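K.L.:
Mind looking over this structure? Questions follow.
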Amino acid sequence: MTDFIPALSNLPTPSAQRIALRVVAPAERAIRQAHPWVFDQSIIEQSHSGVPGDLAVIFDSKRKFLAIGLYDPTSPIRVRILQKGKPAPIDQNWFQEKIKTAAALRASLQQQDTNGYRLVHGENDGLPGLIIDRYAETFVIKLYTPAWVPHLKVICSALAQVHPFERLILRLSRSLTKQTKYLHGLSDGMTIAGQTPEGLLLFKENGLTFECDPINGQKTGFFLDQRENRARVKNLSKGKSVLNVFSYTGGFSLYAADGGAKEVVSVDFSTPATEATLRNIVHNQHLPNVRAAAFETIDRDAFEVLAEMKENNRRFDVVILDPPMFAQNQAQVEAALSAYRRLTILGLAVLKPGGVLVQASCSSRVDADSFFNAVHRSANEAGRFLREIELTAHAIDHPISFKEGAYLKCLFAIAA
Ligand code: SAH
C-alpha cells in the first residue's frame, strides 16, 4: 500500500449531507449534453449552503436525478459534474474506474518509448478541475479548485491502485494557492507520497530523454501537449536549419536534431529554460543525429531576436513559433490575434522561400478559425503564400470533450 504524508489524512472529508440543486432549463440541457460545468447564475433552488468539495445533486424540472458533482462556493463554476444520468456513490472505486478508463486511452503511448504524458486531462477525462501527469515513475497531481481538497486522499489512493508510482507531487493552480483557508496545510510543489526528488527528473518522450522540474516548472514541469507536433517537426527536419522560438526546455529543438537537422537555434527569454535546453542536449548525446547537430541557444526576447535576425539576413528552413498563452480572457482576444499576426510576419521574414512555418496557439479564447485566418492573412500581407501541410489540434493524452476545453491548434505550412 502506498504511504501518503499525514497531512493527507487530516484533510476535511466531504459532508455526508449532499446539496440538492435545481437549475434553469438551458443549464439542464447543457448537463444532458455532457457539459461539465454549472454556473452560479444557473442555480434556481438550493437545499442548503455548503463548502468546497461537498457533493451536489442536480435534479431536473421533474425532480428526477440529473447529475452529481463537486460543489465550489468560491467559483462562478459552482458545480463541476462528475456523473450524469444515473446516481452513483462517488467513492474510491468510482475514481479508480475513471482513472482506469483514462489510462486505457493512453495505452498506445507505452509502445512509443514514452513515459511522460498526461494521464488525466481534467473535464475531458471526467474529472473536472484535476490534472494528473506522469513523468516516468513520478506522478504530478494538479488541482484547479478547492473542491478537490476533501477528496484528495481518495483520488490519490485510487491512482495508486490503478498505476503504482514512486512518488506523487502536488501542484496547485495559481488561484488555488491563494485560497489558503481551504488548503489545510497543503502547498504547491509538496511531495505527498515517496521521497522528494533530489534533482531534476528524467523521462522519455518518443525515445528522447528530457528533464523536468515538476516542483517549480511551468505547467507540471513540461509541455506534454506538444509531443505529437514535435514528432511532426522531427519528420521534416532532415538536413535543415531550424529556428525554435519560445523554446522553453528545447522540446522541439531535440526532435528537430533527432530528425537530422544540421543546425538548431532555440530562443526563449528565460535563462533557466535555455540552460535546461543545453542539459537536454547532453541527455541525448547517445543519439547520433543529436550529437551531429549544431545547437545555439539565445536567452532574449523573441520579438527582438527575430527582428535582429531579419536585419542580419539570417534565414532558416524551418521556423517554429510556440508562444505562451496570449489571451487570458475575452477582452484580450484582439490583442492576442494581433500578437499572432506580428509573430507570423516576423517568423516569415527569417524563413527561406519554400521553408516550413510551424505556428501554434495555446489560447483557448482564440478559436482555431480565427487563429488560422490571422496567420494566413498576415502571410499574404507579407507577400508570402502559405500552402498548408497540416492543421493539428489535441494529442491522444489531451482529449477534448467540450468546446471550452479546446485550446491547442498548430499550423504546418510551406511558405512560398
Ligand atoms: N515550445 C515549448 C513551450 C513554450 S511555452 C515546448 O515545446 O516545451 C512558452 C515559452 O515562451 C516559455 O518558456 C516562456 O519563457 C517563453 N516566452 C514568453 N514570452 C517570451 C518572449 N517575449 N520572448 C522569448 N520567450 C518568451
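The values are calculated or read from the model by the stated rules, or taken from the named source; none is laboratory data. Note that the coordinates shown come from a computational prediction; the quantities given were computed from them, not determined experimentally. When we count neighbours, we look across all protein chains shown, and the Cβ atoms used for this are built from the backbone with ideal geometry, even at glycine.
K.L.:
Is it fair to say E388 is farther than 18 Å from L306 by Cβ and either outside the structural domain of G116 (by TED's automatic domain parsing) or in contact with a strand residue (DSSP E or B) (Cβ under 6 Å, 6 or more places away or on another chain) (or both)?
P.N.:
Here the answer is yes, as E388 does meet what is asked.
K.L.:
Still on this structure, please answer the following. Residues L337, L306, L346: which one is of a type in the set (A, V, I, L, M, F, W, C) and either away from the ligand (no atom under 13 Å from the Cβ) or exposed (fewer than 14 other Cβ atoms within 10 Å of the Cβ) (or both)?
P.N.:
Result of the check over L337, L306, L346: L337.
K.L.:
What number of residues in the range 151-204 are free of Cβ contacts under 8 Å to residues at least 60 places away in the same chain and assigned to a helix (DSSP H, G or I)?
P.N.:
Final tally of qualifying residues: 6.
K.L.:
Further, regarding this structure: Return the pairs, sorted by first residue and then second, in which the second residue is of a type in the set (S, T, N, Q) and at pLDDT below 95, the first residue lies in the range 23-35 and is in the same structural domain as S61 (by TED's automatic domain parsing), the beta carbons are less than 8 Å apart, and the residues are 6+ apart or on different chains.
P.N.:
From residues that are in the same structural domain as S61 (by TED's automatic domain parsing), the pairs are A25/S61; E28/S61; A34/S401.
K.L.:
When you check Q359 against the structure, is it outside any loop (DSSP other than H, G, I, E, B), closer than 13 Å to C410 by Cα and either touching a helix residue (DSSP H, G or I) at 6+ places or on another chain (Cβ under 7 Å) or assigned by TED's automatic domain parsing to the domain that holds S247 (or both), yes or no?
P.N.:
The answer is yes for Q359.
Rundown of residues vs (1) surrounded by 14 or more Cβ atoms within 10 Å (Cβ to Cβ); (2) closer than 28 Å to Q179 by Cα, yes/no style:
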{"position": "E45", "(1), (2)": "no, yes"}
{"position": "F65", "(1), (2)": "yes, no"}
{"position": "L70", "(1), (2)": "yes, yes"}
{"position": "P76", "(1), (2)": "no, yes"}
{"position": "V79", "(1), (2)": "yes, yes"}
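Yes/no per residue for (1) at pLDDT 95 or above; (2) basic (K, R); (3) over 30 Å from N115 (Cβ atoms); (4) over 17 Å from the mean Cα position of the chain (by Cα):
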| site | (1), (2), (3), (4) |
| --- | --- |
| D299 | yes, no, no, yes |
| V358 | yes, no, no, yes |
| C362 | yes, no, no, no |
| D369 | yes, no, yes, yes |
| A393 | no, no, no, no |
| K409 | yes, yes, no, no |
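K.L.:
Moving on to the next point. Does A102 satisfy the condition of being in contact with a Phe, Trp or Tyr (Cβ under 6 Å, 6 or more places away or on another chain), at pLDDT 95 or above and either of a type outside the set (D, E) or assigned to a strand (DSSP E or B) (or both)?
P.N.:
No: the conditions fail for A102.
K.L.:
Contact list please: Cβ distance under 7 Å, first residue in the range 310-328 and farther than 14 Å from P353 by Cβ and in the same structural domain as G239 (by TED's automatic domain parsing), second residue away from the ligand (no atom under 13 Å from the Cβ) and charged (D, E, K, R), pairs at least six apart or on different chains.
P.N.:
A327/R365
K.L.:
Name the one entry in T220, T209 that is crowded, with 17+ Cβ neighbours inside 10 Å and modelled with pLDDT under 95.
P.N.:
T220
K.L.:
Residues being small (G, A, S) and surrounded by fewer than 22 Cβ atoms within 10 Å (Cβ to Cβ): count how many of those fall in the range 146-157.
P.N.:
Going through the range 146-157 one residue at a time, the tally reaches 1.
K.L.:
Can you list residue pairs whose Cβ atoms sit under 6 Å apart, with the first residue in the range 266-288 being in contact (Cβ under 8 Å) with a residue 12 or more places away in the chain and the second being more than 14 Å from the ligand (Cβ to nearest atom) and not in a helix (DSSP H, G or I)? Count only pairs 6 or more apart in sequence or on different chains.
P.N.:
I281/F295; H283/T209; N284/T209
K.L.:
Consider A294 against the criteria (1) touching a strand residue (DSSP E or B) at 6+ places or on another chain (Cβ under 6 Å); (2) surrounded by 16 or more Cβ atoms within 10 Å (Cβ to Cβ): it satisfies all of them except one. Which criterion is unmet?
P.N.:
Failed condition: (2).
K.L.:
Right, another one. So in the range 309-334, with the set limited to residues that are away from the ligand (no atom under 15 Å from the Cβ) and among the aliphatic types (A, V, I, L, M), which one is modelled with the highest pLDDT?
P.N.:
Per the criteria, the residue is V333.
K.L.:
Could you tell me whether any residue of the range 180-199 is under 30 Å from A294 (Cβ atoms) and surrounded by fewer than 20 Cβ atoms within 10 Å (Cβ to Cβ)?
P.N.:
Yes, the range 180-199 contains a residue that is under 30 Å from A294 (Cβ atoms) and surrounded by fewer than 20 Cβ atoms within 10 Å (Cβ to Cβ).
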